[in-house]
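Read-outs throughout are calculated quantities, based only on the coordinates presented, and are distinct from any laboratory measurement. This one's a predicted model, so the numbers in the text were calculated from it and none came from an experiment. In this analysis, Cβ positions are derived from the backbone assuming ideal geometry, glycine residues included, and neighbour counts consider all displayed protein chains.
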Amino acid sequence: MIHEIIMPKLGETMEEGYINKWLKKEGDRIKKGEVILEVMSDKTNFEVESQYDGFLKKILIQPSDKPVAVTTVVGYISDTMEEEIPFAAKNEKPQAEPLKEEKEGEKSTPEKSKISLAARIIASPAARKLASEMGIDLKDVAGSGEAGRIEKKDVENYAARIEKTQKDTVKEVEKLSPMRKIIAERLSWSKQNIPHYYLSVKINMDNIEQLKEISEKQGKSFTYTDFIIFFASRIIQEFPLLNAAFADGEIHQFNSIDIGIAINTENGLIVPVLRELKNKSIEEISILRSDLVDRARKGQATKQDMENCRFVITNLGMFGVTQFQAIINPPGTAIMAVGSIEKEPIVSGENIAVGKTMWISLSLDHRVIDGAYGGAFLKKFKMMMENPATALI
């Protein structure tokens, strides 16, 4: 009896394979379960076992770089060598079946597109395997074999050229400074271990702008950051979880209101802390902030300046950044990101006028602070920033 050897379908996505090599030759005795050929799919090599006892009567498709559609007959096993192969099989051409045309209405997929592209590229099975392992697209590789066939050495040479090009384009390699190592370690830990979520609100800054102008006429120079720190310190008293620390599975709350401010220095980002802000006026806060920023940029910040940092304010508005989400500074539970102040149309009643707005974004630790709690904080903060005179009184 004559038995067919077919290209097996391993997995729902497999459409074709490549014959790497036959492990038996025509006329060899074969036992059921014995490996007779090696096939390569788009992802890996696998061995094909015989389903029958008998002899390898005929090999129809030899190892090549041509894809073979699944279920294609690639050879025959017979009970005896005297048996005749069916007439249709004798006249069957020993080559891979062409890829099936996409049926009308059938949606093309990226996987099928890859298969079609692979069918047009002439490459040895070893080259295809190596390119797959190294993540190299064979269409980028020039073949040195007959008719432009891509050999394994072509893939190796291409990979070597890419590696050399990457090395040549590196201007220099700089080791992390101790400060950058600390920043990298702390923020990597934060992002990986703290379940961040983000809330944002747009604030009308027109009234703050007017207060700044009035203050300047009185000889006082307040920054936008001064107002933000002042109002945040007032509202945090009503929302103590934003001033908390999460450590050892516990929520630690504090009586003092301490706010860290992110400062860019020559050596990297540092976050010194303004302390005991609960009852401080905006004038006092402005003086403290100015002194702290000056000492930090001169490298004069002390160990005490850097300790017990919880709630943090970071401002990138001076760089034209309109909105961003910051990474929480552990063991704190919240960080406020401040964007730039931009002019835009603002609706006031039935009128539209050009005003100034600013985005504020909060990054919060969901282990400690729920969304409603953080939303209520932002709502109160927006109200006070848009009505600063009343809040200051």
Among VAL74, THR314, ILE150, which residue has its Cα positioned farthest towards the positive end of the charge dipole of the chain, with +1 placed on the Cβ of Lys and Arg, -1 on the Cβ of Asp and Glu, and the dipole taken about the Cα centre?
THR314
Whose amide H sits under 5 Å from the amide H of ALA123, counting only residues 5 or more places off or on another chain, with H placed in the peptide plane?
ILE150
When N is the residue count of region 121-169, what does its C-alpha Rg come to as a fraction of 2.2 N^0.38 Å?
1.10
Computed over region 278-318, the convex hull of the Cα set has an average projected area, in nm², of 3.9 nm²
Which of SER348, SER221, SER281 moves most in a GNM of the chain, Cα contacts under 10 Å?
SER348
Longest principal axis of the chain (C-alpha) makes with the long axis of helix 125-134 (C-alpha) an angle, in degrees to the nearest 10, of 10 degrees
State whether region 179-392 is rounded, prolate or oblate according to the following rule on the C-alpha gyration tensor (a ≥ b ≥ c being the square roots of its eigenvalues): a/c under 1.5 gives rounded; otherwise a/b larger than b/c gives prolate, and the remaining case gives oblate.
prolate
Quick one: angle between helix 371-386 and the longest Cα principal axis of the chain, in degrees between 0 and 90, rounded to 10, please.
40 degrees
For region 121-169, give the magnitude of the charge dipole about the Cα centre (Cβ charges: +1 Lys/Arg, -1 Asp/Glu; no others), in debye to the nearest 20.
60 debye
Gain in span if fully extended, GLU146 to GLU283, counting 0.36 nm per residue against the direct Cα distance
41.1 nm
Compute for the chain: radius of gyration divided by Kirkwood radius, i.e. Rg/Rh, restricted to C-alpha atoms, rounded to two decimals.
1.27
Calculated from backbone phi, Karplus (6.51, -1.76, 1.60) coupling profile of region 203-215 in Hz, x at Gly/Pro
10, 6, 9, 4, 6, 4, 4, 5, 4, 4, 5, 5, 5
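Placing unit charges on C-beta atoms (Lys and Arg positive, Asp and Glu negative, everything else neutral), compute the dipole magnitude of the chain about its Cα centre in debye, rounded to 20. List each step's numbers first, then the result.
Numbers: 54 positive and 59 negative charges, 216 e Å.
Dipole about the Cα centre, nearest 20: 1040 debye.
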If you average the alpha carbon positions of region 181-228 and of region 15-29, how far apart do those two centres end up, in angstrom?
69 Å
In this structure, the FRET efficiency calculated for LYS356 and GLU172 from their beta-carbon separation, with R0 = 45 Å, to the nearest 0.05, is 0.60
Give me the number: length gained by fully extending ASP291 to LYS303, i.e. 0.36 nm times residue separation minus the C-alpha to C-alpha distance, one decimal in nm.
2.8 nm
Expressed as a rounded percentage, what relative contact order does the chain have, with Cα pairs under 8 Å and six or more residues apart?
13 percent
Could you work out how far helix 178-193 tilts from the main Cα principal axis of the chain, as a 0 to 90 degree angle to the nearest 10?
70 degrees
